[in-house]
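Each remark here refers to the structure printed beneath this line.
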Amino acid sequence: MKVTLHKPAPCGPDMLLLELTGGESLFIFVFVFFQLFPLLFFIAMELFEAALKGQPELVREVLQRPGLNVNWENTTDSNKTAFHLVAATGSQDLIKSFLYHPDIDVNRRTTFRNVPFLLARFNGNPGVMKVLLEDPRIDIVAQDQGGRTPLWWASSDGLVNVVRWMIASGRELALEVRGKTMGDGKDLTPAEVAKKNKKDKGSAFPRLHHSSSSSRA
């Protein structure tokens, strides 16, 4: 490494110019990387823990930090990300905070092939699924390891409004894709599983049946 001392500038202190060789540059890069990596790792963990504990204000604050790996996967929890947790338990506003992040992978899969939209069915607020559905990046025909799509789960659980929102979206819904039921392992379509689970009461899923019939014609 060569160090050059320049004469004092009229309005400033002496300047030291460091001329680094390739090897020295690599050493400094590696040194800085291993100094920063643990910090960035703990920031990602902090986001996950805040989402897990239901701390929305902390989640929003961590999302603003530079260098955050917003898609960090917790290998001890089925490779879930913080976005998976928020999809299952968070508010609509918190979901939007993640969707606004420039680096978010909205379709990241867990060990069991669940994308965040699939886990949103556990959220007590169906409006969360509506927010996700309105984002064109969301894969609304993603299948879990049992071949079950978000429409299949919404039909199975009797989430009538969600089924109607999905149909009204005009997007491809894979109506004929069959998923395995949890009890007997039968391969059923969304319309069939709704009927099997007695969630299809009266006219609850009229457009679902109509769309399914049309697709076979």
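Numerical summary
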item: Phe83 among the aromatic types (Phe, Trp, Tyr) and closer than 29 Å to Val141 by Cβ; result: yes
item: Output for segment 141-163, where each listed residue is surrounded by fewer than 21 Cβ atoms within 10 Å (Cβ to Cβ) and either of a type in the set (S, T, N, Q) or not in a loop (DSSP other than H, G, I, E, B) (or both); result: Gln143, Gln145, Asp157, Val160, Asn161
item: Matching residues in segment 175-189 - criterion: being small (Gly, Ala, Ser) and out of contact with any helix residue (DSSP H, G or I) (no Cβ under 7 Å at 6 or more places or on another chain); result: Gly183, Gly185
item: Any hit, segment 92-110, residues being surrounded by fewer than 17 Cβ atoms within 10 Å (Cβ to Cβ), over 19 Å from Arg171 (Cα atoms), in contact with a Gly (Cβ under 9 Å, 6 or more places away or on another chain) and in contact (Cβ under 8 Å) with a residue 12 or more places away in the chain; result: yes
item: Residue under evaluation Leu159, criteria (1) closer than 20 Å to Thr75 by Cα; (2) at pLDDT below 95, criterion not met; result: (1)
item: Only one of Leu18, Leu39, Leu5 that is aliphatic (A, V, I, L, M), loosely packed, with under 12 Cβ neighbours inside 10 Å, over 22 Å from Val115 (Cβ atoms) and modelled with pLDDT of 50 or more; result: Leu39
item: Hits in segment 165-201 (condition: charged (D, E, K, R) and either touching a Gly at 6+ places or on another chain (Cβ under 9 Å) or over 24 Å from Leu132 (Cβ atoms) (or both)); result: Arg178, Lys180, Asp184, Lys186, Asp187, Glu192, Lys195, Lys196, Lys198, Lys199, Asp200, Lys201
item: Subset of segment 164-174 (residues that are out of contact with any helix residue (DSSP H, G or I) (no Cβ under 8 Å at 6 or more places or on another chain) and part of a helix (DSSP H, G or I)); result: Ala168
item: Residue within segment 132-139 that is closer than 27 Å to Phe83 by Cβ, modelled with pLDDT of 80 or more and assigned to a helix (DSSP H, G or I) present; result: yes
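The values are calculated or read from the model by the stated rules, or taken from the named source; none is laboratory data. Just so it is clear, the structure is predicted and the values come from calculations on it, not from any experiment. So basically every Cβ, Gly included, is an ideal-geometry build from the backbone, and we count neighbours across all protein chains shown.
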